[in-house]
Amino acid sequence: MLEQLLIFTRGGLILWTCKELGNALKGSPIDTLIRSCLLEERSGAASYNYDAPGASYTLKWTFHNELGLVFVAVYQRILHLLYVDDLLALVRREFCEIYDPKRTVYNDFDETFRQLRMEAEARAEELKKSKQMVKPVNNSKKQGQAQKAGFDKGNKKREGSSAAGGGDDNDEGKGRKLENGHSNGNIVEIDEPRMTAAVNGKENTSSNFSAFDVSKLQKRTKGGKKTDTVVNKGSKVDPKKKVTKKNRVWDDAPPETKLDFTDPVDGNGNEKIEVVPASQGESMMDVEEIISSDSEGEEDDNVQKDSKPEATKKGWFSSMFQSIAGKANLEKGDLEPALKALKDRLMTKNVAEEIAEKLCESVAASLEGKKLASFTRVSSTVQAAMEEALVRILTPRRSIDILRDVHAAKEQRKPYVVVFVGVNGVGKSTNLAKVAYWLLQHNVSVMMAACDTFRSGAVEQLRTHARRLQIPIFEKGYEKDPAIVAKEAIQEATRNGSDVVLVDTAGRMQDNEPLMRALSKLIYLNNPDLVLFVGEALVGNDAVDQLSKFNQKLADLSTSSTPRLIDGILLTKFDTIDDKVGAALSMVYISGAPVMFVGCGQSYTDLKKLNVKSIVKTLLK
C-alpha cells in the first residue's frame, strides 16, 4: 500500500499531499531524501531506501524541470508496488496542466488523484495477470526430449567422424618425421598437453608441453664447468661458521665501517634529533591560495569541441535558428552527446567511472524538460549544470573549523580527540605530524598517541616526529590492544591538560575483518570528536571501494545502535597528480564527508585546505 505522495517545489513549498493516505511516516524519509539524494546530485538513481526504527521505506520521484516541481511517492519496501512509476507519470502530467505559480492550495486535485490511482492499479493488475497466463507447458518433457536428441546427435557425430577420419589418419601417419629428424613408422600425435621428442636416438616422452632438451642442458653444463671449478678451488667453507657478506671496496677509497644515515649519537648514546620549532615556517593551511584566471577563449574552444557531434547531425540554418529562438524543451537525446563527452573528461581526471556515470545521470535528470535559453548551446548548458553540481558536492555541508571545536572542547575541560584511519602506506603518521605542527602554530597543546601496535617501526616513527616537534607522546609498545592504549592516552591528556590528542592507528585494508573489528572497537570505546580517513590522491576506482567498505565495516562491526562513521577526509600526495584531481570528488561523493586537509609535500608546512573552485575548474578544463 502507498504510504504517502507529495508534490512540492524546488524551493521547498509543499503544494499537495494525499489526504486519503494520511499515514504517519516513521522518521523523516522526505527530508533525508532531499538532504542526502536530491541535493547531493544522486537524483539519477531509480529509488532511495530509508530505514527507520520499526519501518523500511522505498522512495521514488520524478521532476518537472521547467516548472520546478518534485513528485515523491513513499511506500513500504517489502511490498514491491508495480504501479508507482506509472502513477507518478500520470500525476505529473495531470498536475502540470492545472499548476499556477501564484496558487498554493490544490484541494480539487484529490478526486483526480483517486481516479489516477485506480487507473494505475488496474493497469498493474492486468499486467500481472498477463504474465501469469503466459507459462511454459510441458517444459520438463521438452527438455528431456531435447537432451536425449542432443546426446543421440553427439554420438552419431562422434561415430561418423571416427569412421570417416580413421583411414586418412593412418595414411597420413606413415612416414611422418619427428621434429628432431628421426622417422617413425607409427602415428605420432602432437597435442598441447603431450609432446614427443627423441634425444640421442631414444624416445623421450613428457606429459608437460614445456619439456626441455637434455642435450642442450648438457651443453650448458659443459660450458659452465669453469665457473664451478673456480668456486671449488677456493677455500673450503666450514658449514658450522656463518658466511657474512663483505663490503665492496671501490678502487683505492678508504673502506667504510658502517653504512648508517640515521641521526648522530652523542657520547651518552642518545640520538641528536633536529628540533623543528613551530615558528620555523608558516603552514600552508593559513595561506590563501590564489587561482589564476585563464582566458575565456580556452573554455569556448572546449565547448565547441564538445558540440561538434551535435553540429554535424543538424544543418547550419536549423542550429542557427535554435540558438537564436531557443529550443522548446531539452530531451534526453539532445543531452547525450554533451554528457558522454563530459563523462569521458571526468574519467580522464581520475574520477571513478561509477561516480562519473551517476553525476551525468543526475545532471540529465535536472535538465530534462527545461527550455534552452536563446543564444546558448546544449553543451554549455550541460557544463554549467555540471559545474554547479560539483561545487555543491565538494562544498562542506557543515563547519570544518577544527580550531573552533578545539576551543569548545577546552572550555568543557576535555581534550579534542582525532583518530587517523586508512589503508596501508598512504601517509597517516606523516600527515598526523603535519596536523600537529599546524595546531602548534595556533598555540594548541598537542599529544600523540601511538596506537599502531601492529606494524614494526610505527612507534619509533611517531616518536621521531614527537621529538622533532617537542610534543609529548603516549606509547605502550607493540602487540597491545589499540583501543585500551587510546583510552589511556586520553586519560593522560586530561591529567596533563593537553588540548588535542592525535591518535595514530595501523594501516589496514578494507577487507581485513580482524583489523577492522579492532578499529571499530577503538572508535566505539573512545568516542573521538573526529574520525579522519587518510587517502591517496593517486587512487581512481579504488577510492569508491575503500571508503564505502570502511564505512560499511564500521557500521556492521560496531556494537552501538548509532555507529560512528568517517567524519572527514585527509587527501595525501596531492603534489604528485598534476591535474588528475578526481579522487577528491570520488571520495566526497561516496562518503558525504568533506575534505578537511590536503597533504602536498614532505615537510611539516606542506598541509593546506581544499580549494573547491580550483578543483572544479581543473575537472572541467
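Going through segment 579-615 one residue at a time, which ones are under 19 Å from VAL544 (Cα atoms) and part of a helix (DSSP H, G or I)? Within segment 579-615, GLY582, ALA583, ALA584, LEU585, SER586, MET587, VAL588, TYR589, ILE590, SER591, ILE615 qualify. May I ask you to verify whether THR62 is closer than 27 Å to GLU388 by Cα and β-branched (Val, Ile, Thr)? Taking the combined requirement at face value, the residue satisfies it. Residue count for segment 14-24 under the criterion of being in contact (Cβ under 8 Å) with a residue 24 or more places away in the chain and surrounded by 13 or more Cβ atoms within 10 Å (Cβ to Cβ): the result is 3.
Any residue that is on the phi > 0 side of the Ramachandran plot, open to solvent by 50 Å² or more (accessible area, probe 1.4 Å) and not assigned by the TED database to the domain that holds TYR524 - is there at least one of those in segment 358-377? Within segment 358-377 (the criterion being on the phi > 0 side of the Ramachandran plot, open to solvent by 50 Å² or more (accessible area, probe 1.4 Å) and not assigned by the TED database to the domain that holds TYR524), the answer is yes, since at least one residue qualifies. Tell me yes or no: at least one residue of segment 431-444 is closer than 20 Å to ARG495 by Cβ and out of contact with any helix residue (DSSP H, G or I) (no Cβ under 9 Å at 6 or more places or on another chain). Scanning segment 431-444 turns up no residue that is closer than 20 Å to ARG495 by Cβ and out of contact with any helix residue (DSSP H, G or I) (no Cβ under 9 Å at 6 or more places or on another chain).
For segment 430-453, a residue qualifies if it is of a type in the set (Ser, Thr, Tyr) and open to solvent by less than 10 Å² (accessible area, probe 1.4 Å), and exactly one does: TYR437. Residue check: SER28 meets all listed conditions (1) more than 24 Å from MET587 (Cβ to Cβ); (2) in contact with a Pro (Cβ under 9 Å, 6 or more places away or on another chain) but one, namely (2). Residues that are at pLDDT below 90 and polar (S, T, N, Q) within segment 513-550 comprise ASN541, GLN546, SER548, listed in sequence order.
Among the residues examined, VAL419 qualifies as surrounded by 15 or more Cβ atoms within 10 Å (Cβ to Cβ), within 16 Å of ILE523 (Cα to Cα) and not aromatic (Phe, Trp, Tyr). Among the residues of segment 90-124, just one is open to solvent by 40 Å² or more (accessible area, probe 1.4 Å), in a helix (DSSP H, G or I) and touching a strand residue (DSSP E or B) at 6+ places or on another chain (Cβ under 7 Å), namely ARG92. VAL72 meets the conditions (1) within 29 Å of ASN329 (Cα to Cα); (2) assigned to a strand (DSSP E or B); (3) touching an Asp or Glu at 6+ places or on another chain (Cβ under 9 Å) in every case but one. The failed one is (3).
Residue-level check: of (1) at pLDDT 90 or above; (2) aromatic (Phe, Trp, Tyr); (3) open to solvent by 10 Å² or more (accessible area, probe 1.4 Å), TYR83 misses just (1). Taking segment 341-357 as the range and being open to solvent by less than 60 Å² (accessible area, probe 1.4 Å) and assigned to a helix (DSSP H, G or I) as the test, the residues that pass are ALA341, LEU342, LYS343, ARG345, LEU346, ILE355, ALA356. Within segment 465-488, being buried (at least 17 other Cβ atoms within 10 Å of the Cβ) and not basic (Lys, Arg) holds for HIS465, ALA466, LEU469, ILE471, ILE473, PHE474, GLU475, PRO482, ALA483, VAL485, ALA486. For ALA45, the criteria (1) farther than 27 Å from GLN115 by Cβ; (2) of a type outside the set (Asp, Glu); (3) part of a strand (DSSP E or B) hold in every case but one, which is (3).
Scanning segment 362-392 for residues that are within 18 Å of TYR589 (Cα to Cα) and of a type in the set (Gly, Ala, Ser) yields a count of 6. Screening ALA384 with (1) farther than 26 Å from LEU67 by Cβ; (2) among the hydrophobic types (A, V, I, L, M, F, W, C); (3) modelled with pLDDT of 90 or more; (4) open to solvent by 40 Å² or more (accessible area, probe 1.4 Å) gives one miss only, at (1). Just one residue in the set GLY11, GLY27 is in a loop (DSSP other than H, G, I, E, B), on the phi > 0 side of the Ramachandran plot and either open to solvent by 50 Å² or more (accessible area, probe 1.4 Å) or of a type in the set (S, T, N, Q) (or both); that residue is GLY27. The residue of segment 38-50 that is farthest from ALA385 (Cα to Cα), among those that are surrounded by 13 or more Cβ atoms within 10 Å (Cβ to Cβ) and without any contact (Cβ under 8 Å) to a residue 40 or more places away in the chain, is TYR50.
Within segment 517-524, the presence of a residue that is open to solvent by 30 Å² or more (accessible area, probe 1.4 Å), in contact with a strand residue (DSSP E or B) (Cβ under 9 Å, 6 or more places away or on another chain) and either within 25 Å of GLN412 (Cβ to Cβ) or in a helix (DSSP H, G or I) (or both) is excluded.
The values are calculated or read from the model by the stated rules, or taken from the named source; none is laboratory data. Small disclaimer: the values here were computed from a predicted structure and weren't measured. Neighbour counts run over all protein chains shown; Cβ positions are idealised from the backbone, glycine included. Protein only, heavy atoms only, side chains kept; ligands, DNA and RNA dropped before computing areas. Shrake-Rupley method; radii C 1.70, N 1.55, O 1.52, S 1.80 Å.
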